[in-house]
Structures are given as structure tokens and as C-alpha cells.
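Working notes, beginning with the structure itself.
Derivation of every value follows stated rules applied to the coordinates shown; laboratory data play no part. Please read all numbers here as calculations on a predicted model, not as lab measurements. Ideal geometry is used to build each Cβ from the backbone, glycine not excepted, and the neighbour counts take in all protein chains shown.
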Amino acid sequence: MMVPAVLLLLAALTAVVGPRLLARADWPDREPVVALWAWQCVVAAVLLCCALSMTLSAAAAWQAVRGHVFAPAPRGVVEAYALSATGPWAAATAVALASAGLWSGAMLVREIARARTRRRRRRAELLLRAPQLPGEEPASGPLVVLESERPDAWWLPGGSPRLVVTTAALRRLKGRQLDAVLAHEQGHAQARHDWLLHCSAALANGFPQVPVFAAFRAEMHRLVELAADDMASRRFGRLTTALALVELNEDRGVFGPSPTPQAHVPQRVHRLLTPPDRLTAARRLRLTAAAALVPVIPVLVTLVPGLRALG
């Protein structure tokens, strides 16, 4: 049975070619939302190849699984997959891929649990540093001001989401810059970027030797910031958003010659100060459709023997 092997080869090919094509393209920085979609489709295709290969390998190795997978299929379709002509590698492949899937799920659960723990810790710290005083009315909006000499702002998701801004940031942010920061963080929340970061981190931490997952995590961190910048700049202007980024990060050394963990901030500022060069709506649609077809290829490869038998 060659289909599981072909699917694994297709997964490897997609994992190698997909990131290279996206890295060489000139449009991801111009259209970060489309680039986010394209990366998700590439990774989904890799995972789908592995899942389908596992299913067919398990069907070849165990009659009980075969009965469930091919229950409604005619006899000719089952014979087209040559499930009986398999060696001992079918069971080993199915077990290995199933273990990898369970490990991925465990890594995702761990990542979500860690994120919730960090969120609870930050909420407790916020309540300690900015308590509600006796007789004080509960805050009606999402903005919370925190006393600090460090200019900073961050979004705290949850049942009652909050945008935490330090007093140093308020002194620095002028005019509509604070509104741009709020729009940026709300853009993250509305697009559920936290789930993209959780999934990419789970795959990268669970399989650190797989380059496509490491590249997926790095690009997710970069592209979600660009997408949120675009959301803020569409409402309050590119210059205002760029100045807000500068004011919040100027004292962190990100604009100096030495590399820092926030080395992407100068690139974001330069991008905002450059006149927008978006793709046409037609090309965005074509790229979105082309990316959506990538996960369809493993499904077509899986169905080819059955379709040929029916034809």
C-alpha cells in the first residue's frame, strides 16, 4: 500500500517547500493577514498528511480499524487500497504517528495551561498594584492605569478584558497615540491571535527538531504584530501608530545597534512610516484561494485509489 508513504513524502515536501516559498515572496509583510492564512494552510496540510497516513496505516494493520474506515465503501474500493498487501511497518507507522498526535495535543494543553497561569498571576498582580478603593465605582471601560516608571501597555484577556497602561506610558503617549495602542491590542483580541500563538508554540516545543514548526512560531509572532499594527493604523493613521510604538519602546534599547528581544519593533516602525503598498483585492483573493487549496491536496491523494476504482 503506497498511499501512506506518498502522504508522508507529501508532508515532508510541503514542510520544506512551503516555508521557502513564503520566505521568498514579497507580499507577506504587505498583507500579513493573508500571510497568516497561508502559513496556517501549510501547517494544516502537513498535519493532515500525517493524520491521513496514520488512518490508512492503522486500517491496513488492524481489521477493526479497517471496518470503521471503509464500512460504507464498496468491495472494489477496499481492494484498490491493497490493504492486505502490507508489511509489519503499517502498525509501526500508525503507532508512531498516533503518538506524535497525542504528544501534540499534550503540548497544546500544556501551553494553554501555562498561559492561563500567567494570566491569573498578572491579574492578581494587577489587583494588588491597582486595587479598587472603598466607595470607588467599578471601571466601566477596559482601560486600567498602573503606577510604574516604565512605559508599557498590554492587553489582559479573559471574562473582563483589560488594557493595562502604565503612568509612564500615559505621560509619553500624546493625542490619539493611546487610542492607537488600544486599537492594536483590541485587534489581537478580536482576531484571537492568542490561539495562533498557543498552537504554534505547542508544535515548536513538542517537535523542536522540525524546522517548519519553528518557522511557523517565529512567523506567527511577527505577523500577528503586523496585522494588529494595520488594524490600528486604519483607524488612527500610520504615523500615529508608529509614534506610539516609538514612545513605548524608546527606553528599551530596541533602536540601538545591539540586538534585543524586541528587534522587530524598528522594522514595524519603518513599515508604518513607509507609504502602504497593498496588493489588489483580486490578487489577495487569488492568494487566499491558492493557500486554501494546499490542505486539499492530501485529501485528493488519499481519495485517488477509491475514485479510480469507482470510475
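Numbers below:
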item: Sum of -39500 (n - 2.57) over DSSP H runs of 4+, divided by residues of the chain (222 nm, nearest 500); result: -23000 deg cm²/dmol
item: Under-5 Å amide H pairs with L146, H placed in peptide plane, nonlocal only; result: V165, T166, T167
item: Karplus 3J(HN,Hα) series, Hz, for segment 91-96 with 6.51 cos²θ - 1.76 cosθ + 1.60 (x for Gly, Pro); result: 5, 5, 5, 4, 5, 5
item: Which label in [x] 34; [y] 43; [z] 26 gives the computed percent of Cα pairs over 32 Å apart; result: [y]
item: HN-Hα J in Hz across segment 116-126 - Karplus 6.51, -1.76, 1.60, θ = phi - 60°, x for Gly and Pro; result: 5, 5, 4, 5, 5, 5, 5, 5, 5, 5, 5
item: Between 0 and 90°, nearest 10: helix 296-310 axis offset from the chain longest Cα axis; result: 20 degrees
item: Angle between the chain longest axis and helix 264-273 axis [Cα atoms, degrees, rounded to 10]; result: 70 degrees
item: Gain on full stretching of the segment that runs from A113 to R286 - 0.36 nm per residue minus C-alpha separation; result: 58.5 nm
item: Overall form of segment 50-91 per C-alpha gyration tensor (a/c, 1.5; a/b vs b/c); result: prolate
item: Loop sites in segment 189-225: trypsin sites (Lys or Arg not before Pro), DSSP, at most 12 other Cβ within 10 Å; result: R192
item: Only Lys, Arg (+1) and Asp, Glu (-1) charged, at Cβ; segment 148-258 dipole about Cα centre in debye; result: 200 debye
item: Gyration tensor (alpha-carbon) shape descriptor, segment 6-67, a/c threshold 1.5; result: prolate
item: Cut-off 15 Å between beta-carbons: net charge of the residues surrounding D230, Lys and Arg +1, Asp and Glu -1; result: +3
item: Residues whose placed amide H lies under 5 Å from that of R162, excluding near-sequence neighbours; result: L156
item: Principal-axis tilt of helix 177-190 within the chain, Cα atoms, nearest 10 degrees; result: 20 degrees
item: Given charges at beta-carbon only (K, R positive; D, E negative), |dipole| of the chain in Debye; result: 180 debye
item: Ranked by how many other beta carbons lie within 10 Å on average, peptides 233-246, 278-291, 195-208, 97-110 from highest; result: 233-246, 195-208, 97-110, 278-291
item: Using θ = phi - 60° and Karplus 6.51 cos²θ - 1.76 cosθ + 1.60, couplings along segment 67-79 (whole Hz; Gly, Pro as x); result: x, 6, 6, 10, 4, x, 7, x, 4, x, 5, 5, 5
